[in-house]
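Before any comments, here is the structure.
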Amino acid sequence: MTGIAAASFFSNNCRFGACGLNFDSLAELIVHIEDNHIDTDPRLLEKQEQTQPTYVALSYINRWRKNA
């Protein structure tokens, strides 16, 4: 991985669609993604489970918890 690619990989910018928001920490970025870009509607989740997706976002299974 080149220096530019590595710097891009470790940035805290949201790359969902055209979001582009920047966060001070990885934890803030993860919370933003879970709250704004990952659906948690039980009806949608059940429909996805029935279609047997090839992948499931880890946040469906284990939400990020920031230490208090």
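Brief remarks follow.
- Placing R0 at 22 angstrom, the Cβ-Cβ distance between A18 and Y55 gives a FRET efficiency of 0.45 after rounding to 0.05.
- Amide H contacts of N12 (H built 1.01 Å from N, in plane; Pro and chain starts excluded): F23 sit under 5 Å, all sequence-distant by 5 or more or on other chains.
- Given their separation in residues at 0.36 nm each and the Cα-Cα distance between them, E46 and E28 gain 3.7 nm when the chain is fully extended.
- For I38, the amide hydrogen comes within under 5 Å of no other amide hydrogen, counting only partners 5 or more places away or on other chains and with H modelled in the peptide plane.
- Between N36 and N62, the FRET efficiency from the beta-carbon distance, with R0 = 25 Å, is close to 0.85.
We did not get these values from a lab; they are worked out from the coordinates using the rules stated. Not measured: the values here are computed from a predicted model. Using ideal geometry, Cβ is built from the backbone for each residue, glycine included, and neighbour counts are taken over all protein chains shown.
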